[in-house]
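Data first, discussion second: the structure below is written as structure tokens.
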Amino acid sequence: MTQSQIKMPRIVSEEEWKKEREKLLVKEKEYTRALDALAAERRRLPMVPFEKNYVFEDPNGTASLIDLFDGHRQLIIYHFMMQPDSSPCVGCSSFVDNIGHLAHLHARNTNFVLVSPAPLTQIQPFKKRMGWTVPWYSSNGNEFNFDCGAGKGFGLSVFLRDGNHVFRTYFTAARGADRIRLDFNLLDLTPLGRQETWEDSPEGWPQTPPYQWWRLHDEYDRT
């Protein structure tokens with residue numbers, strides 16, 4: 001579909017546009033308050049002890065689960081989908097592309113790391129290729145991903161530390177990780193949206209099947 005073939009939004013006066021925008025803003029504020037209420041409920045979830053002696057590995061050597069906190073009180077782990085001898089997940093890769101500077105999390109006593117079942121011999125070359133600096137640990141040989149509920153897939157776990165005791169407080173996967181991605185949230189603000197077939201868009205909007213358009217960030221120019 002060429003640029004000229006894309007169906008465009010209707011054209012209105014500035015006054016009518018402001019009225020339509022104000023109507024939508026009412027709903028957006030309701031949604032924001034609902035998200036705040038959901039976050040408040042999430043903060044009140046109970047927690048469960050995580051007491052297994054998992055062994056992780058990064059270029060500095062082996063580490064325990066409590067080491068992954070790096071001295072912070074809270075820990076967020078993204079379970080990056082990369083099994084031994086398998087290709088890295090393109091969706092997980094685009095998720096990591098959206099992660100900003102960790103100093104802002106550290107300022108609130110929170111650390112963020114990636115964990116994958118793949119060995120370091122797979123992780124390190126790919127991390128270098130992508131240009132990522134976020135800490136990435138191998139859980140090769142243990143059941144950490146399965147114990148967290150991620151299995152062979154992806155997900156996001158949150159942990160809280162009380163001294164030397166670690167507790168899990170939250171887990172999400174699938175669309176639960178969508179709202180964390182800056183690129184998806186920015187695209188959701190545009191007229192064309194994510195341009196995927198599942199979206200409720202006006203007739204004639206450009207759309208392709210989900211996942212199929214995703215590429216590693218250094219592969220888009222090749223297509």
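Where a number appears in this text, it was derived from the coordinates with a stated rule and is not lab data. All figures in this text were calculated on a predicted structure; none of them were measured in a lab. A quick note on method: Cβ atoms are made from the backbone with ideal geometry, for glycine too, and the neighbour counts reach across all protein chains shown.
A compact table of results
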{"read-out": "Label-point separation in nm, L38 to Q74, each point 7 Å along Cα→Cβ", "value": "1.7 nm"}
{"read-out": "For segment 157-174, 3J(HN,Hα) per residue [Karplus equation, 6.51 cos²θ - 1.76 cosθ + 1.60, θ = phi - 60°, Hz, x = Gly/Pro]", "value": "10, 10, 10, 10, 10, 10, x, 9, 9, 10, 10, 9, 10, 7, 8, 8, 8, 6"}
{"read-out": "Prolate/oblate/rounded label for segment 48-177 (Cα gyration tensor, a/c 1.5)", "value": "rounded"}
{"read-out": "Segment 48-177 - charge dipole about Cα centre, Lys and Arg +1 at Cβ, Asp and Glu -1, debye rounded to 20", "value": "340 debye"}
{"read-out": "Structure-based [θ]222 nm, the chain - -39500 (n - 2.57) summed over DSSP H runs of at least 4, per residue, nearest 500", "value": "-8500 deg cm²/dmol"}
{"read-out": "Dipole axis of the chain (+1 Lys, Arg; -1 Asp, Glu on Cβ), positive-most option in S139, L102, T197", "value": "L102"}
{"read-out": "Under 17 Å between alpha carbons - lysine pairs in the chain that sit 8 or more apart or on different chains", "value": "4"}
{"read-out": "Two-site label geometry, T190 and D221: point separation in nm, points 7 Å out along Cα→Cβ", "value": "2.0 nm"}
{"read-out": "Check: the chain dipole with +1 on Lys, Arg Cβ and -1 on Asp, Glu Cβ, in debye", "value": "340 debye"}
{"read-out": "Amide proton proximity set for G155, modelled H, under 5 Å, gap of 5+", "value": "H79"}
{"read-out": "Cβ-isolated cysteines (cut-off 4.7 Å), the chain", "value": "C148"}
{"read-out": "Amide H contacts of Y170 (H built 1.01 Å from N, under 5 Å, at least 5 apart or other chain)", "value": "V158"}
{"read-out": "Under Karplus coefficients 6.51, -1.76 and 1.60, residue-wise ³J(HN,Hα) of segment 186-203 in Hz, glycine/proline x", "value": "5, 4, 5, 8, 8, x, 8, x, 7, 6, 10, 5, 6, 6, 8, 10, x, 4"}
{"read-out": "Segment 32-98 and segment 112-136: distance between their alpha carbon centers, rounded to Å", "value": "14 Å"}
{"read-out": "Peptides 39-48, 207-216 ordered by average Cβ neighbours within 10 Å, highest first", "value": "207-216, 39-48"}
{"read-out": "Rough spin-label spacing in nm, given labels placed 7 Å along Cα→Cβ, for R129 and F171", "value": "3.0 nm"}
{"read-out": "Rg ratio (alpha-carbon, reference 2.2 N^0.38 Å) - the chain", "value": "1.21"}
